[in-house]
Amino acid sequence: MALERTLCIVKPDAVEKNKAGHILAKLEESGFTVVALKRTHLSRQVAEGFYAVHKARPFFGELVQFMTRSPVVIAVLERDNAVVQYRGVMGATDPAKADAGTIRKLYGANVGENAVHGSDSLDNAKIEIAYFFAASEVAPSAG
Ligand code: CMP
């Protein structure tokens, strides 16, 4: 199985509850290595750009408002098959439908405030990582 990287955003709801450390610890215990990490407060422009693919969705305004409400913690995660593995640990978008023990089941409140974001494909992971991190900020390896 190939070594991959994926993007994790610990969203404002989880950071506000001081759960970023718990979530990163759970990810490390699940076999991921945190190869880059930052805490930042997203501007509206940055959040709109990140979620541009959802621009036409009825929840877009609510999503951007939520993501800019307070700081986020953004991590690049590395392990074999990272994209699929992280989606498993993260759980379904709607915490009510997420499996027991997943991050969204443990820390998410609803489909909007669902604790974490994760890349949905390897191609998007590369785009999303480059959106938030300069190449010089991400440790070398996994192509
Ligand atoms: P995320 O993985 O960050 O990618 C897009 C986000 O849109 C998703 O997680 C949800 O938090 C959010 N989202 C999806 N559906 C809805 C909805 N019906 N109402 C509000 N937010 C939503």
### Of all residues making up the range 1-42, the number that are hydrophobic (A, V, I, L, M, F, W, C), part of a strand (DSSP E or B) and open to solvent by 20 Å² or more (accessible area, probe 1.4 Å)
4
### Task
Consider Phe59 carefully, then state whether it is crowded, with 19+ Cβ neighbours inside 10 Å, within 13 Å of the ligand (Cβ to nearest atom) and of a type in the set (Phe, Trp, Tyr).
no
### Message
Considering only residues that are more than 16 Å from the ligand (Cβ to nearest atom) and at pLDDT 95 or above, which ones fall in the range 121-136?
### Response
Lys126, Ala130, Phe133, Ala134
### Selection within the range 95-120 - more than 10 Å from the ligand (Cβ to nearest atom) and open to solvent by 50 Å² or more (accessible area, probe 1.4 Å)
Ala96, Lys97, Asp99, Ala100, Lys105, Leu106, Ala109
### Query
Restricting attention to the range 65-94, which residues are near the ligand (Cβ under 10 Å from one of its atoms) and open to solvent by less than 30 Å² (accessible area, probe 1.4 Å)?
Phe66, Met67, Met90
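The values are calculated or read from the model by the stated rules, or taken from the named source; none is laboratory data. Because the structure is predicted, anything quoted here is derived from the model rather than measured. Every residue, glycine among them, receives a Cβ derived from its backbone with ideal geometry; neighbour counts consider all protein chains shown. What goes into the accessible areas is simple: the full protein's heavy atoms, side chains included, and nothing from ligands, DNA or RNA. Shrake-Rupley method; radii C 1.70, N 1.55, O 1.52, S 1.80 Å.
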